[in-house]
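**Student:** Below is the structure I would like to discuss, written out as structure tokens.
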Amino acid sequence: MLESKNKFIDESYDIVVIGAGHAGCEAALSSARLGFKTLIVTTSLESIADMPCNPNIGGTGKGHIVREIDALGGQMAINIDKTFIQSRMLNTSKGPAVHSLRVQADKRKYHEEMKKTLENQENLDILEAEVDKINEENGKVKSIETIQGSIFPCKACIVCTGTYLNGLILMGELTYTSGPHGLSAATYLSDSLKDLGLSLKRFKTGTPARVDKKSLNLSLTTIQKGDSEIVPFSFLNEDLDFSDKKQEDCYLTYTTKKTKEIIMENLHRSPMYAGLVKGVGPRYCPSIEDKMVRFPDKDIHQVFLEPESLSTDEIYVQGVSSTLPFEIQKAFYKTITGLEDVKIMRPAYGIEYDLIESRQLKRSLESMKVENLFFAGQINGSSGYEEAAGQGLIAGINAALKLKEEEPLILDRSDAYIGVLIDDLVTKGTGEPYRMMTSRCEYRLTMRQDNADFRLTKKGYELGLVTKERYEKMLRKREIIDGEKQRLKEIMITPTEENNEIIKSLSSSPLKTGYSLYELIKRPELDYFKLEGLDPYRDKLLKIHALEVQTEIKYEGYIKKQMADIDKFKKLENRSLKEINDYFEIKGLKKEAALKLNDIKPDSLGQASRISGVSPADINVLLIWLKTKGK
């Protein structure tokens, strides 16, 4: 820990946020918007909402989180709608539960717009400094200190340090202390966190090279264009027309056998395989070296070339992150189709960083060790801008609610992907950088990206982050969709020759009796739009509203079944365990279970059931204990 001889008491704040990445921005904005005097401290103002890795927002599972942030009153969706340069809806050939919006960002404009938002936010101050210490008194946050000498008294603190905490760059035999993008690492705060009783560990992530677009032969690649119909991320913008928006192209290409040959010949020079790396890397975003080792029978791998900004020729080479030495990178990048004469502008690198063991947190993201100390983002073991932003929003809300002496906002696994993310981190922990995927969600048919506003806008409104106008807009949308569904139930289509000709032209079996339009939409080969010929007097709906009508009708049976499952889930989630101080006092519990339960202190029987080492038999013991206690 750095000791300054010039420490002085600076301005007092209600809440201090350490770090201004995607978690820090959402945390600071939410606490300030809830009326609390907030300070956000970052080692560099250039790191505000920076995208040190891929220049995009959303994707499978992640797009759901962005929509949820938006519904709760966060900023990420609004910011990316202002600054995207290409938009694509993923998984459209599959069911609506896994449809996920993904857009390319103009990363420089994204940073500038978010910085401007922070600067214009009432109750929020921004400071470039490095925090080296968090002070507590009687087990509660008291102040933070910076290496520049400031001591900021505060009532709560949110730590959102991303990959900057003791950041170590890895490139072949070369290692040096740094944060991403050549920005300074945060080298002192780890010791303070240890002094507060928190357990730390190391993870690793990486990023590919950025190359000069002018040096690429894009005629050898396949163009990847954006969607012709653009769907915005923010529900505030769903009635806007983006058809005139100019989109940038991305490009698909492939590595070659020569790429594999060069990498395998130099594998011993990768710090990962030379035994120099202590941190655990991401399973779902492996380096090109990892791909070659994991899939030895595969000679080529996909590579996507993505523009970083309209103001630069830098191209992000997705799928080719690496920790090999720069001279090896220069050799193997030139073996990728279309990159034969490539000019590397920024080399690929890996980065190791400190994080906390996330099972030391409550579901509110508050530390179990120090009261009013919250954590959000990659310091909790997650990966990705969207996962970080979701946690930041919840941490900012809960820090504010804690100071108001109100109950925290806890999103459970049936409420939101954000709830799944946080529950996984604090209940199960993670041995590698955690990435959100739709498969992690048990109730994904009822937690689609398109209905996030119906699920969460009311919560945002009750918190004070969503305006009355926006809340009423959501209610009007619900009325429109429910009204259209009811109208479709009332319109009967009889088996006339004319009607059956229309039905047969849609490759559907002719009618033998009358059906409502509502029932016809449930046929797999039909949908709301195809049946327009049988429904000439329908009102013109926004396409996004019409799609919602169609989804709710087509999947009605499955949704009802899932809602029944959610009711059962809620019964366990509502059985509180907060009054239990020592699980060793409960007879019948296995020692391992009691140990794990004492360590994590689950809020509910449901959370307890998801802890590794706690068996169904142990849950039964707890259930009996609760019933006995109730009597």
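**Student:** Would you mind finding the one in Ile57, Ile126 that is within 17 Å of the chain's Cα centre (by Cα), modelled with pLDDT of 95 or more, under 25 Å from Ala32 (Cβ atoms) and among the β-branched types (Val, Ile, Thr)? Before you say what the answer is, go through the steps one by one.
**Tutor:** Working: Ile126 fails: within 17 Å of the chain's Cα centre (by Cα).
After ruling out the rest, the residue left standing is Ile57.
**Student:** Report, ordered by the first and then the second residue, all pairs with beta carbons closer than 7 Å, sequence separation of six or more or different chains, a first member in segment 80-93 that is farther than 17 Å from Glu229 by Cβ, and a second member that is among the hydrophobic types (A, V, I, L, M, F, W, C).
**Tutor:** Hits for this filter: Ile80/Ile57; Ile80/Val103; Ile80/Ala105; Ile80/Phe233; Thr83/Ala105.
**Student:** Of all residues in segment 36-66, which are within 24 Å of Arg440 (Cβ to Cβ) and either of a type outside the set (Val, Ile, Thr) or part of a loop (DSSP other than H, G, I, E, B) (or both)? Let's see the steps before the verdict.
**Tutor:** If we filter segment 36-66 for residues that are within 24 Å of Arg440 (Cβ to Cβ), which is where we start, we get 51, 53-54, 56-66.
Once the filter is applied, which keeps residues that are within 24 Å of Arg440 (Cβ to Cβ) and either of a type outside the set (Val, Ile, Thr) or part of a loop (DSSP other than H, G, I, E, B) (or both), segment 36-66 yields Met51, Cys53, Asn54, Asn56, Gly58, Gly59, Thr60, Gly61, Lys62, Gly63, His64.
**Student:** Cβ-Cβ distance below 6 Å, separation of 6 or more or different chains: which pairs start in segment 344-367 with a residue that is free of Cβ contacts under 8 Å to residues at least 12 places away in the same chain and surrounded by fewer than 21 Cβ atoms within 10 Å (Cβ to Cβ) and end on one that is of a type outside the set (S, T, N, Q) and assigned to a loop (DSSP other than H, G, I, E, B)?
**Tutor:** Taking only residues 6 or more apart or on different chains, not a single pair turns up.
**Student:** Can you tell me which residues in segment 42-57 are aliphatic (A, V, I, L, M) and in contact with a Ser or Thr (Cβ under 7 Å, 6 or more places away or on another chain)?
**Tutor:** Residue satisfying the conditions is Ile48 alone.
**Student:** May I ask you to say which residue of Thr60, Thr117, Thr92 is surrounded by fewer than 21 Cβ atoms within 10 Å (Cβ to Cβ), out of contact with any Lys or Arg (no Cβ under 7 Å at 6 or more places or on another chain) and under 15 Å from Glu387 (Cα atoms)?
**Tutor:** Details: Thr117 fails: under 15 Å from Glu387 (Cα atoms); Thr92 fails: under 15 Å from Glu387 (Cα atoms).
That would be Thr60, the only listed residue that is surrounded by fewer than 21 Cβ atoms within 10 Å (Cβ to Cβ), out of contact with any Lys or Arg (no Cβ under 7 Å at 6 or more places or on another chain) and under 15 Å from Glu387 (Cα atoms).
**Student:** Right, next: Looking at (1) at pLDDT below 95; (2) under 21 Å from Glu122 (Cα atoms), which is the one condition that is false for Ala49?
**Tutor:** Failed condition: (1).
**Student:** Next up: For segment 437-455, enumerate the residues that are open to solvent by 20 Å² or more (accessible area, probe 1.4 Å), over 12 Å from Ile559 (Cα atoms) and part of a loop (DSSP other than H, G, I, E, B). Reasoning before the result, please.
**Tutor:** Quick first cut of segment 437-455, residues open to solvent by 20 Å² or more (accessible area, probe 1.4 Å) only: 437, 439-440, 442-445, 450, 454-455.
When the remaining residues are screened for being over 12 Å from Ile559 (Cα atoms), the result is 437, 439-440, 442, 450, 454-455.
Met437, Glu442, listed by residue number.
**Student:** Also, quick follow-up: Name the residues in segment 242-254 that are part of a loop (DSSP other than H, G, I, E, B) and either within 26 Å of the chain's Cα centre (by Cα) or modelled with pLDDT of 95 or more (or both), would you? If you could, list the steps in order and put the result at the bottom.
**Tutor:** Just the residues of segment 242-254 that are part of a loop (DSSP other than H, G, I, E, B), to begin with: 242-249.
Correct list: Phe242, Lys245, Gln247, Glu248, Asp249.
**Student:** Also, I was wondering about something else. Counting only residues that are small (Gly, Ala, Ser) and outside any loop (DSSP other than H, G, I, E, B), which one in segment 307-336 is most open to solvent (accessible area, probe 1.4 Å)? Before you say what the answer is, go through the steps one by one.
**Tutor:** Taking segment 307-336 as the starting set, the residues that turn out to be small (Gly, Ala, Ser) are 309, 311, 319, 321-322, 331.
Checking which are outside any loop (DSSP other than H, G, I, E, B) leaves us with 319, 321, 331.
Numbers: Gly319: 22, Ser321: 13, Ala331: 43 Å².
By that ranking, first place goes to Ala331.
**Student:** Being β-branched (Val, Ile, Thr) and open to solvent by 10 Å² or more (accessible area, probe 1.4 Å) narrows it down to one of Thr38, Thr43, so name that one.
**Tutor:** Thr43
**Student:** For segment 380-409, which residues satisfy the criterion of being more than 23 Å from Arg67 (Cα to Cα) and in a helix (DSSP H, G or I)?
**Tutor:** To start, the set of residues in segment 380-409 that are more than 23 Å from Arg67 (Cα to Cα) comprises 402-407.
If the condition is that a residue be more than 23 Å from Arg67 (Cα to Cα) and in a helix (DSSP H, G or I), then Lys402, Leu403 are the ones that fit.
**Student:** Within segment 211-225, which residues are surrounded by fewer than 19 Cβ atoms within 10 Å (Cβ to Cβ) and either within 25 Å of Ala105 (Cβ to Cβ) or touching a strand residue (DSSP E or B) at 6+ places or on another chain (Cβ under 9 Å) (or both)? Full working, then the answer.
**Tutor:** Of all residues in segment 211-225, those surrounded by fewer than 19 Cβ atoms within 10 Å (Cβ to Cβ) come to 212-215, 217-220, 222-225.
Listed by number, the residues that qualify are Asp212, Lys213, Lys214, Ser215, Leu218, Leu220, Thr222, Ile223, Gln224, Lys225.
**Student:** OK, next. Among the residues that make up segment 4-21, is at least one of them of a type in the set (Asp, Glu), part of a helix (DSSP H, G or I) and under 20 Å from Asn120 (Cβ atoms)?
**Tutor:** Step one: of segment 4-21, the residues of a type in the set (Asp, Glu) are 10-11, 14.
Cutting the leftovers down to part of a helix (DSSP H, G or I) gives us none.
Checking segment 4-21: not a single residue is of a type in the set (Asp, Glu), part of a helix (DSSP H, G or I) and under 20 Å from Asn120 (Cβ atoms).
**Student:** If I filter segment 226-235 for residues that are surrounded by 17 or more Cβ atoms within 10 Å (Cβ to Cβ), part of a strand (DSSP E or B) and not hydroxyl-bearing (Ser, Thr, Tyr), do I get at least one hit? Break it down into steps so the answer makes sense when it comes.
**Tutor:** Filtering segment 226-235 for residues surrounded by 17 or more Cβ atoms within 10 Å (Cβ to Cβ) gives 226, 230-235.
Within this subset, residues satisfying the condition of being part of a strand (DSSP E or B) are none.
Within segment 226-235, not a single residue is surrounded by 17 or more Cβ atoms within 10 Å (Cβ to Cβ), part of a strand (DSSP E or B) and not hydroxyl-bearing (Ser, Thr, Tyr).
**Student:** Taking the residues in segment 255-291 that are within 28 Å of the chain's Cα centre (by Cα) and at pLDDT 90 or above as candidates, determine which candidate is surrounded by the most Cβ atoms within 10 Å (Cβ to Cβ). Reasoning before the result, please.
**Tutor:** Looking only at segment 255-291, we keep the residues that are within 28 Å of the chain's Cα centre (by Cα), and these are 272, 277-291.
From the residues that got through so far, the ones that are at pLDDT 90 or above too are 287-291.
Details: Ser287: 26, Ile288: 28, Glu289: 25, Asp290: 20, Lys291: 19.
Taking the candidates together, the pick is Ile288.
**Student:** So, in segment 338-371, exactly how many residues are farther than 21 Å from Asp412 by Cα and either in a loop (DSSP other than H, G, I, E, B) or not aliphatic (A, V, I, L, M) (or both)? Outline the logic, then answer.
**Tutor:** Residues of segment 338-371 farther than 21 Å from Asp412 by Cα: 338-356, 369-371.
Applying the additional criterion that residues be either in a loop (DSSP other than H, G, I, E, B) or not aliphatic (A, V, I, L, M) (or both) yields 338-343, 346-350, 352-354, 369-371.
The number of residues fulfilling the criteria is 17.
**Student:** Would you pick out the residues in segment 315-371 that are among the charged types (D, E, K, R) and closer than 30 Å to Asp603 by Cβ?
**Tutor:** Initial filter on segment 315-371 (among the charged types (D, E, K, R)): 327, 330, 334, 340-341, 343, 346, 352, 354, 357, 359, 362-363, 366, 369, 371.
Correct list: Asp354, Glu357, Arg359, Lys362, Arg363, Glu366, Lys369, Glu371.
**Student:** Working only within segment 164-184, note down all residues that are modelled with pLDDT under 95, within 16 Å of Ile18 (Cα to Cα) and surrounded by 19 or more Cβ atoms within 10 Å (Cβ to Cβ).
**Tutor:** Gly179
**Student:** Of the residues Arg102, Arg108, only one is without any contact (Cβ under 8 Å) to a residue 60 or more places away in the chain and open to solvent by 10 Å² or more (accessible area, probe 1.4 Å); which? First the steps, then the outcome.
**Tutor:** Working: Arg108 fails: without any contact (Cβ under 8 Å) to a residue 60 or more places away in the chain.
None of the others qualify; the one that does is Arg102.
**Student:** If a residue has to be within 11 Å of Tyr353 (Cβ to Cβ) and buried (at least 22 other Cβ atoms within 10 Å of the Cβ) to count, how many in segment 188-204 make the cut? Give the derivation first.
**Tutor:** Narrowing segment 188-204 to residues within 11 Å of Tyr353 (Cβ to Cβ): 190, 200-204.
Now restrict to residues that are buried (at least 22 other Cβ atoms within 10 Å of the Cβ): 203-204.
Residues that pass the stated criteria total 2.
**Student:** Follow-up. Would you be able to tell me the number of residues in segment 127-152 that are closer than 27 Å to Lys116 by Cα and open to solvent by 40 Å² or more (accessible area, probe 1.4 Å)?
**Tutor:** Number of matching residues: 4.
**Student:** Quick check on this structure: which one of Asp297, Asp290 is part of a loop (DSSP other than H, G, I, E, B) and without any contact (Cβ under 8 Å) to a residue 60 or more places away in the chain?
**Tutor:** Numbers: Asp290 fails: part of a loop (DSSP other than H, G, I, E, B).
Matching residue, one of Asp297, Asp290: Asp297.
Per-residue answers, yes or no, for (1) part of a helix (DSSP H, G or I); (2) loosely packed, with under 15 Cβ neighbours inside 10 Å; (3) on the phi > 0 side of the Ramachandran plot; (4) of a type in the set (S, T, N, Q):
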{"position": "Asp412", "(1), (2), (3), (4)": "no, no, no, no"}
{"position": "Ile418", "(1), (2), (3), (4)": "yes, no, no, no"}
{"position": "Leu465", "(1), (2), (3), (4)": "no, no, no, no"}
{"position": "Lys473", "(1), (2), (3), (4)": "yes, no, no, no"}
{"position": "Arg476", "(1), (2), (3), (4)": "yes, yes, no, no"}
{"position": "Asp482", "(1), (2), (3), (4)": "yes, yes, no, no"}
{"position": "Lys504", "(1), (2), (3), (4)": "yes, yes, no, no"}
{"position": "Ser509", "(1), (2), (3), (4)": "no, yes, no, yes"}
{"position": "Pro524", "(1), (2), (3), (4)": "no, yes, no, no"}
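**Student:** Looking only at residues that are in a helix (DSSP H, G or I) and out of contact with any Asp or Glu (no Cβ under 8 Å at 6 or more places or on another chain) in segment 511-521, which one is nearest to Gly533 (Cα to Cα)? Don't jump to the end; show me each part of the working.
**Tutor:** Going through segment 511-521, the residues in a helix (DSSP H, G or I) turn out to be 517-521.
Retained after the next criterion (residues that are out of contact with any Asp or Glu (no Cβ under 8 Å at 6 or more places or on another chain)): 518-520.
Numbers: Tyr518: 14, Glu519: 16, Leu520: 13 Å.
Checking each candidate, the answer is Leu520.
**Student:** Tell me the residue from Glu573, Glu556 that is open to solvent by less than 60 Å² (accessible area, probe 1.4 Å), among the acidic types (Asp, Glu) and within 30 Å of Ile491 (Cβ to Cβ), please.
**Tutor:** Working: Glu573 fails: within 30 Å of Ile491 (Cβ to Cβ).
Glu556 is the lone residue from the list that is open to solvent by less than 60 Å² (accessible area, probe 1.4 Å), among the acidic types (Asp, Glu) and within 30 Å of Ile491 (Cβ to Cβ).
The values are calculated or read from the model by the stated rules, or taken from the named source; none is laboratory data. What you see is a predicted model, and the numbers here were worked out from it, not measured in a lab. Neighbour counts run over all protein chains shown; Cβ positions are idealised from the backbone, glycine included. Accessible surface is based on the protein model in full, side chains and every heavy atom, while ligands, DNA and RNA are left aside. Shrake-Rupley method; radii C 1.70, N 1.55, O 1.52, S 1.80 Å.
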